[in-house]
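Report on the following structure.
Values quoted throughout were computed directly from the atomic coordinates according to the rules given, and no laboratory measurement underlies them. Note that the structure is predicted; figures quoted are calculated from it, not measured. With ideal geometry, Cβ positions are generated from the backbone for all residues, glycine too; neighbour counts draw on all protein chains shown.
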Amino acid sequence: SALRHSPRHVSARRSISRPGVARAAVFKVAVLGAAGGIGQPLSLLIKMSPLVSHLNLYDIANVKGVVADLSHCNTPAQVAGFTGPEELGDGLKGVDLVVIPAGVPRKPGMTRDDLFNINAGIVKSLVEAVADNCPNAWIHIISNPVNSMVPIAAEVLKKKGVYDPKKLFGVTTLDIVRANTFVAEKKGLRLIEVDVPVIGGHAGITILPLLSKTKPACEFTQEEIEKLTDRIQNGGTEVVEAKAGAGSATLSMAYASARFVESSLRALDGDSDVYECTYVQSELTELPYFASRVKLGKKGVEGFATSDLENLSPFEKEGLEKLKPELKASIDKGIAFANK
Ligand code: NAI
């Protein structure tokens, strides 16, 4: 699979390239919002995964063509399409992992929070359907603002009596992908070896790269730290501005999401060496949701890499304190929406 060659956490990479281990395609994955800018390339990348037996694509429009097109790729996953709320339930039956990139993206000048009003309703109704049809599935939320959408999803699942905090994830992988790329470029390192944890949330200053924890260990000047942090925090806006009204990151996002899907499926498949940064229910700080590196196992989040938050640099400590009120406000806004 092409995904096999993608840069990922070093230990995870070791475990997937173990020779002689044949992995059967056994998992059923659904993409909700599959005909969109992220949904299409993401579905293609998931179709290439050797771990996927069934790929269900759902959107409110244009799904048929995407399904016809993708179904001609001679990889194991069987692709099926579902359109409109009346078909959504069928698209979710028996699904192990649901990825949600449904919703509107940013245009220049917009913050992720400007998307709240439209995307909150979309995510709420989609997660209700997940609760009704595949309550044990892992849920990956891509729709923005992720900082609020995950709390909304959690409230919906709680109301339905099926909330498992170990299986609900906000996808922040693109922040890690960007951090790895920008640091490797700046420091002349081999891309595949660089690993920078990114914690907090997924919007502006809530995106906190921990450059002091970069692997392989490297020295940064204060100026480099400030510039890299700013670029990682605003990488999304860099793309929004370059696309000039045609949307936000879709290809790099699809790549990042496919990496997180592949990591999740490997964990579900019993791989005991899978770590990813993601935005989940958390006790690492006083905030109820927080992004950090977690260990993934068969049942979802199996542990938190607590040492990532120890021995932070003064710059990172300050960044952490600064992001807390903003992240808290986004969490509260999501919870209030779900309970209104
Ligand atoms: P897009 O507009 O190209 O695609 C969105 C798709 O969602 C469309 O096909 C649309 O028909 C579909 N959709 C709308 N309402 C729906 C519903 N009720 N049920 C199912 N499908 C529905 O947008 P794009 O570029 O794919 O972005 C999607 C979301 O991902 C945006 O909210 C964007 O902000 C977010 N995003 C998140 C990132 C992250 O790092 N977590 C990075 C980049 C984007």
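Observations on the structure shown:
- Of residues in region 163-195 being β-branched (Val, Ile, Thr) and under 16 Å from the mean Cα position of the chain (by Cα), the one nearest to the ligand (Cβ to nearest atom): 171
- For beta carbons closer than 8 Å, sequence separation of 6+ or different chains, a first residue in region 277-299 that is more than 17 Å from residue 322 (Cα to Cα) and free of Cβ contacts under 8 Å to residues at least 60 places away in the same chain and a second that is assigned to a loop (DSSP other than H, G, I, E, B) and not hydrophobic (A, V, I, L, M, F, W, C), the qualifying pairs are 282/288; 297/272; 298/270.
- Region 184-210, subset part of a helix (DSSP H, G or I) and touching a strand residue (DSSP E or B) at 6+ places or on another chain (Cβ under 8 Å), residue nearest to residue 288 (Cα to Cα): 206
- Hits in region 307-340 (condition: without any contact (Cβ under 8 Å) to a residue 60 or more places away in the chain and under 20 Å from the mean Cα position of the chain (by Cα)): 328
- Qualifying residue in region 74-83 (condition: aliphatic (A, V, I, L, M), surrounded by 17 or more Cβ atoms within 10 Å (Cβ to Cβ) and within 10 Å of the ligand (Cβ to nearest atom)): no
- Candidates are the residues of region 51-60 that are under 17 Å from residue 92 (Cα atoms) and of a type outside the set (Val, Ile, Thr); the one that is surrounded by the fewest Cβ atoms within 10 Å (Cβ to Cβ) is 53.
- Residue match in region 213-226 (condition: crowded, with 19+ Cβ neighbours inside 10 Å, within 30 Å of residue 288 (Cα to Cα), away from the ligand (no atom under 12 Å from the Cβ) and of a type outside the set (Gly, Ala, Ser)): yes
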